[in-house]
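Only one structure is covered here, and it is reproduced in the block below.
Bear in mind that the values in this text are calculations on the coordinates, not laboratory data. Since this is a predicted model, take the numbers as computed values, not measurements. FYI the Cβ positions are ideal-geometry reconstructions off the backbone, even for glycines, and counts take in every protein chain you see.
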Amino acid sequence: MRRTVLIVVLLAVAVGGGWWFSHRNARAKTDTSGTDPIPVLVATAEARDVPIWLEGLGTVQASATVTVKAQVDGMLSEVRFREGQDVHTGDILAKIDPRTYQAALDQATAKKAQDAANLANARVDLTRYTKLAATAYTSAQQADTQRSTVAQLEAQVAQDQAQIDSARAQLSYTTITSPIDGRTGIRQVDQGNLVHAADTTGIVVITTLRPIAVVFTLPQQALPDVVAAQAHGAPIVEALPQGAAGAQPLDVGTLAVLDNQVDPTTGTIKLKATFPNDAMKLWPGGFVTVRLRVDTRRDAIVVPPAAVQRGPLGAYVYVVGDAMTASRRPVLVGHEDMRASIIDSGLHAGERVVVDGAARLTDGRAVTIVDPAGTTPATASGPAGGGPT
């Protein structure tokens, strides 16, 4: 009797286990069969004009930099500028004690007056000797000697004038003026110190901040695009804060110089752009992100960069049709940056592409479209929401 009961129990357990195992496999097959729609975010491909930008790292440079130095030796008697002051060409920055150089000018002036008086007397004698020689009252040699004396004194007066000009120039150097428009830096020498023409540090450094320049590099592969852009005028350049994605440009300028050679060690080309810097947001020595516009694609098919997938056969996108299924479609990407991907072929304006959730998709898989917040699914009978473009 007990044996019969035991056999019945074992049979019941075997039947129940078989049923549970088969039910679990059936449910697993149902879960992996691909019939459950996968939630995805989509964006609509649109046709619009797209500017083509090339991006690089740049260094801000003053458009002009001058280290103001003394041209003569002496005591710095006056300092007339403030640190950080905007100055203009010809503004007096400092003065050196001029008394020694004024005395040298006065001495040269007096020496010229003395030699000029001697020259005047020699010319009178030459006139007299010339008349006497013509009437044989004196020898022709004496007249020639006097003529030579006049020439020597004329040369001496000319030398005196050169000495005066030199002394006047030395005296003018005691007044130090700004050679450019710009902003003064930190003062290197205080009033009362002795300065020398041989000093290397100078008195102050003046930099021109408006306009200002930015030097940046691009890969040599960008050279044809840059040259083509320059053929149509000065390309637009934007300077943006480094590492601040989506930030507004600090300033907008134009490309000024394309270097005349490629750097063979790095394979890059060097460029310089100028910016008006009216808001003074660019400062010499700072690093900025530079964007150079080389072209504008008209009526280009544009999708978000996240929509483009890449595989062994090239780039592709998943297109969501009216039947709410994802169709894998190969595309040709013409240009791509952080903001948009331009599709040259394989896609039309108005088609919906998957921008999130593509990793779980296969060709023909059913999908359900959700809004960016992921809370409102769209069905095949209702309107489909679109992701951001």
Crossing angle, helix 140-172 versus the chain [Cα axis fit, 0-90 degrees, rounded to tens]: 40 degrees
Crossing angle, helix 99-134 versus the chain [Cα axis fit, 0-90 degrees, rounded to tens]: 50 degrees
Residue 365 long-range amide H proximity, modeled H, under 5 Å: 326
Within straight-line cross-link reach of residue 270, lysines at Cα separation under 26 Å, skipping those fewer than 8 residues along the same chain: 281
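Among DSSP beta bridges lying fully in the chain, give the percent that are antiparallel, nearest 5. Write down the numbers at each step before the final one.
Working: 81 of 85 bridges.
Approximately 95 percent, going by the DSSP bridge assignments.
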³J(HN,Hα), Karplus 6.51/-1.76/1.60, whole Hz, each residue of the stretch 314-323, x for Gly, Pro: x, 7, 8, 9, 9, 9, 9, x, 5, 7
Stokes-Einstein D (µm²/s) once Rh is taken as the Kirkwood radius of the stretch 32-79 over alpha-carbon pairs, at 20 °C in 1.002 mPa s: 106 µm²/s
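With a Förster radius of 30 Å, plug the Cβ-Cβ distance of residue 335 and residue 252 into 1/(1 + (r/R0)^6) and report the FRET value to the nearest 0.05.
It comes out at approximately 0.90.
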Dimensionless Rg/Rh of the stretch 98-173 - Kirkwood Rh, Rg from C-alpha atoms: 1.24
Estimated dipole of the chain in Debye, rounded to 20 [Cβ of Lys and Arg +1, of Asp and Glu -1, Cα centre]: 1180 debye
Residues whose placed amide H lies under 5 Å from that of residue 70, excluding near-sequence neighbours: 203
Quotient of C-alpha Rg and 2.2 N^0.38 Å, computed over the stretch 179-332: 1.59
Rounded to whole Hz, the Karplus (6.51, -1.76, 1.60) HN-Hα couplings of the stretch 347-356, x for glycine and proline: 8, 10, 5, x, 6, 9, 10, 7, 10, 8
Euclidean distance between Cα centres, the stretch 140-203 to the stretch 50-70, Å: 37 Å
Amide H contacts of residue 209 (H built 1.01 Å from N, under 5 Å, at least 5 apart or other chain): 183
Simple spin-label estimate for residue 232 and residue 310 in nanometres, 7 Å along Cα-Cβ: 2.7 nm
Interatomic Cα distance distribution for the chain, bins of 10 angstrom, percent: 4, 13, 13, 12, 11, 10, 9, 8, 6, 4, 3, 2, 2, 1, 1, 0, 0, 0, 0
Spin-label pair residue 169/residue 344, simplified geometry with 7 Å Cα→Cβ offset, distance in nm: 6.3 nm
